[in-house]
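Novice: Questions regarding the structure given below will be posed in turn.
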Amino acid sequence: MRILLTGGTGFVGGAVAAELAQRGLLDQTVFMVRATDAEEGCARLRETLLRFGASEVQARSVTPDRVLCADLLDIAAIADSPLLAGLTQVIHCAALATFSNNPRIWASNVDGTLALARAVLAQSRLTRWVQVGTAMCCGPGMAAPVGESWEAGTDEKAHLVPYTRSKVAAELALRALPGLPLVVARPSIVVGHSRLGCAPSPSIFWVFRMAFALERFTCAPEERIDIIPADWCAQALVTLALKPQLASDLYHVSAGMGSSNRFTEIDAAYAAAAGTPPVAPRYQQVGVDGLRGLVPLFEQRLGRVNRLLILRALTLYGAFAELNYVFDNGRLIAEGIAPAPPLAGYIGECVRTSEGVPMTQQMAHDFK
Ligand SMILES: NC(=O)c1ccc[n+]([C@@H]2O[C@H](COP(=O)([O-])OP(=O)(O)OC[C@H]3O[C@@H](n4cnc5c(N)ncnc54)[C@H](OP(=O)(O)O)[C@@H]3O)[C@@H](O)[C@H]2O)c1
């Protein structure tokens, strides 16, 4: 077995690297990393592994000879690399994962992904390519629980942001590639780590902090929110990569109805951890259009902030939260993967590891 992991310095990919460490598979893994040389790439990977709770010994088992320095924007530069030979599984986490309008989204997520798959196929006989997509690629207007579907998100005009459109396009392009043993895994919303809270990454947690501070957001109080921790997401992705037989080629990696919490449950758990009263009695649901009316509250409740930036951030994330989606995970559970730990059970660690960290600093992680 020889695994290629891309995006191993990121949130989801870092958790996957730590899961590979747990399973004793790091020395059978090649890592594709952006870096000027393999030593720098190796150092970045080791630092990420430590952040995700791996031991020093595990981190040191990543060595420069298995680090492929590469950028999705220039796969031609590494297409002949011997590190792409003899691979059996690929877990492709690397992507420009941003709700911003970064002009490199398509070139990275679609063109770069396709070029990488072609380069790998030219040198390796794969048993599986796990393409990490996003459940939110289905676009608005779906009835919850949302089921897996190859048609979801194919209406290009239905996307809230270019990122989700690029993720669907990448999946479809890979699906059309002859000889690629493709399995698409679409995580829902990844927040925190079930044991380490926000220490590995604060991604998206700042949205909750702002919603509770403002006592207003676009979620309906009684609706469920589909959130999963990075470590559980990684366990599921590695299992999908390694399991000899799978029943499907498309999976939600999600909390589903069984592990998703209502907003009020998350509020109660957050309040207990923060030592503050729940906001439920004062909470007001506002539509995305109504977020602009909250601007006067920003400085009052969030401190000195760039109001326009906060408004833009809340509008982008609020549009997704307003969908109130729960993603069916029946296929994943049927593969023998244990249900995700609910956010209300581990949000205390997220609160604790966010103490003293400004919300705007956490937010910067998601705006590249
Ligand atoms: N986080 C979520 O809630 C969530 C939900 C659903 C799906 N996903 C999916 O999970 C995957 C990872 O997302 P994430 O949240 O972990 O994002 P992230 O923390 O931003 O990590 C992205 C990773 O991709 C790498 N990368 C970005 N552009 C690259 C390029 N041009 N060439 C090579 N590597 C590049 C980054 O490398 P650097 O370290 O060099 O920047 C980093 O390792 C994505 O496919 C995303 O669609 C995430």
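The values are calculated or read from the model by the stated rules, or taken from the named source; none is laboratory data. None of these values were measured; they are calculated from a predicted model. Virtual Cβ from ideal backbone geometry, glycine too; neighbours counted across all protein chains shown. Ligands, DNA and RNA are excluded from the accessible area calculation, which covers all protein heavy atoms including side chains. Shrake-Rupley method; radii C 1.70, N 1.55, O 1.52, S 1.80 Å.
Novice: Among the residues of the stretch 4-21, which ones are in contact with a helix residue (DSSP H, G or I) (Cβ under 7 Å, 6 or more places away or on another chain), in a helix (DSSP H, G or I), open to solvent by less than 10 Å² (accessible area, probe 1.4 Å) and not hydrophobic (A, V, I, L, M, F, W, C)?
Specialist: Residue satisfying the conditions is G14 alone.
Novice: Considering only the stretch 76-133, how many residues are under 18 Å from the mean Cα position of the chain (by Cα), outside any loop (DSSP other than H, G, I, E, B) and over 22 Å from P244 (Cβ atoms)?
Specialist: Result for the stretch 76-133: 6.
Novice: Still on this structure, please answer the following. If a residue counts only when it is assigned by TED's automatic domain parsing to the domain that holds T264, surrounded by fewer than 20 Cβ atoms within 10 Å (Cβ to Cβ) and hydrophobic (A, V, I, L, M, F, W, C), which helices (runs of 4 or more DSSP H) contained entirely in the stretch 283-368 have at least 3 such residues?
Specialist: Counting at least 3 such residues, we get 295-302, 307-321.
Novice: Could you look through the stretch 214-245, keep only residues that are among the polar types (S, T, N, Q) and more than 19 Å from A280 (Cβ to Cβ), and pick out the one that is most open to solvent (accessible area, probe 1.4 Å)?
Specialist: Q245
Novice: Now for a separate question. Suppose we filter A273, A211 for residues that are crowded, with 22+ Cβ neighbours inside 10 Å, of a type outside the set (D, E, K, R) and not in a loop (DSSP other than H, G, I, E, B); which single one remains?
Specialist: A211
Novice: Mind checking whether some residue in the stretch 48-71 is at pLDDT below 95, outside any helix (DSSP H, G or I) and within 9 Å of the ligand (Cβ to nearest atom)?
Specialist: no
Novice: Within the stretch 45-68, is even one residue in contact with a Ser or Thr (Cβ under 7 Å, 6 or more places away or on another chain) and open to solvent by 40 Å² or more (accessible area, probe 1.4 Å)?
Specialist: no
Novice: Please pick out the residue among A176, A144, A152, A135 that is within 11 Å of the ligand (Cβ to nearest atom) and either at pLDDT below 95 or more than 30 Å from G356 (Cα to Cα) (or both).
Specialist: Just one listed residue meets the conditions, A135.
Novice: Can you confirm whether the stretch 260-270 contains a residue that is at pLDDT 95 or above, open to solvent by 30 Å² or more (accessible area, probe 1.4 Å), out of contact with any Asp or Glu (no Cβ under 9 Å at 6 or more places or on another chain) and basic (K, R)?
Specialist: no
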